[in-house]
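I have placed the structure first, in the form of structure tokens, so that the comments after it can refer back to it.
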Amino acid sequence: MAKKTQEESVVIELRDVRKSFGALEVLKGVNLTARKGEVISLIGSSGSGKSTMLRCANLLECAQSGDVIIEGNAVKWAQDGADRTPADKKQVTDIRTNLAMVFQQFNLWSHLTILQNVTEAPVSVLGRDRTACEQEALGWLEKVGIADKADAYPAMLSGGQQQRAAIARALAMEPRALLFDEPTSALDPELEQEVVKVIKQLAVEGRTMILVTHDMNLARDVSDRVVFLHQGVIEEEGPPKTLFDKPVSARLKQFLSATVSVS
């Protein structure tokens, strides 16, 4: 019975996922399991496959082989020559609804107010009542500390405020998991800390999250597990204290040494 409970708690599972762009093999058979309430950070140098791995999880990229399983349901594929495409459009919509993505560049709609940005997806995708969604959106904006910016447009906000609005927009979908792709790398250090504070609070609340991050302090502070990718494979993974304080692989030691030296 305990084993069944553990299996049922799995939100995202990648099995032997491989992804190439032309002749460049970016992912060379990676495996990842994220359970409910678990926070996982993906670290590694540029080009190691971190963001591609994250994007394969919510089908923004389609792996050429391997399994993507969301809450026990494997993605159904249709073969398209050498590549695959999802066979069930509704399944894709469900997955993207339940795995909310927060991007590096915010991706807010510039012609909508911040309140409208947060409200739009629950109304148009989930078919919910707009008035109710607006009230909830104000709550999400309060949560990330920018309720006073509800009527402003994205261009009127700082980068840190825009990223917090993007997080509120993701939360408004009440997803099973949050996926962060370098959420602070476009921000200067002061604005970065505004976003880090929100992410840390979400981790305390027990939300399921996978973060691609260059911020080793953030990875250490919020993660249950850290995964180090190198040249498309998972070189090493484990609890943050073990991985950061007692790295095993030579490549991880080199990476952490370089990261510490510039931080």
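Packing order of peptides 82-95, 99-112, 226-239, highest average first: 226-239, 99-112, 82-95 (average count of other Cβ atoms within 10 Å over each peptide's residues).
What value, in deg cm²/dmol to 500, does the helix sum -39500 (n - 2.57) over DSSP H runs of n ≥ 4 give at 222 nm once divided by the residues of the chain?
On the way: 10 runs with 105 residues, N = 263.
-12000 deg cm²/dmol, from helical runs alone.
I'd like to compare 42-52, 132-142: which one has the highest average count of other Cβ atoms within 10 Å, and what's the full order after that? Each step should come with its number before you reach the end.
Details: 42-52: 21.2, 132-142: 17.3.
Highest mean packing first, the order is 42-52, 132-142.
Name the shape class, rounded, prolate or oblate, that the alpha-carbon gyration tensor gives for region 140-225, where a ≥ b ≥ c are the square roots of its eigenvalues, rounded holds for a/c under 1.5, and otherwise prolate holds if a/b is larger than b/c and oblate otherwise. Since a/c reaches 1.5 but b/c is at least a/b, the shape of region 140-225 is classed as oblate. With all protein chains kept in place, the per residue accessible area of the chain amounts to 48 square angstrom at a probe of 1.4 angstrom.
The percentage of C-alpha pairs in the chain whose separation is greater than 28 Å is 36%. The modelled label-to-label distance between Asn107 and Asp67, using points 7 Å beyond Cα along the C-beta direction, is 2.7 nm.
Below 9 angstrom from the Cβ of Thr208, what's the summed charge of the other residues (Lys, Arg +1; Asp, Glu -1)?
On the way: positive: Arg35, Lys36, Arg176, Arg207; negative: Glu38.
Its environment carries a net charge of +3.
On alpha carbon coordinates alone, what is the Rg over Rh value for region 1-85, Rh being the Kirkwood radius? Can you show the working numbers first?
Numbers: Rg = 13.7 Å, Rh = 13.7 Å.
Ratio of gyration radius to Kirkwood radius: 1.00.
Positive end of the dipole of region 164-263 (Cβ unit charges, origin at the Cα centre): among Leu187, Gln201, Ala258, the Cα lying farthest that way belongs to Gln201. The charge dipole of the chain, taken about its Cα centre with unit charges on the Cβ atoms of Lys, Arg (+1), Asp and Glu (-1) only, comes to about 560 debye.
With a 1.4 Å probe and every protein chain kept in, tell me what percent of the accessible surface of region 113-217 is carbon plus sulfur. Present the calculation step by step, with values, prior to reporting the outcome.
Working: 2080 of 4440 Å².
That fraction is 47 percent.
For the pair Arg128 and Asp224 in one chain, pulling the backbone fully straight at 0.36 nm per residue adds 31.2 nm over the alpha carbon distance.
Under unit Cβ charges (Lys, Arg +1; Asp, Glu -1), what dipole magnitude, rounded to 20 debye, does region 96-214 have relative to its Cα centre?
Details: 11 positive and 15 negative charges, 68 e Å.
Once rounded to the nearest 20, the dipole reads 320 debye.
The values are calculated or read from the model by the stated rules, or taken from the named source; none is laboratory data. None of these values were measured; they are calculated from a predicted model. Note: ideal-geometry Cβ built from the backbone for every residue, glycine included; neighbour counts use all protein chains shown. All accessible areas refer to the heavy atoms of the entire protein, side chains included, with ligands and DNA or RNA removed. Shrake-Rupley method; radii C 1.70, N 1.55, O 1.52, S 1.80 Å.
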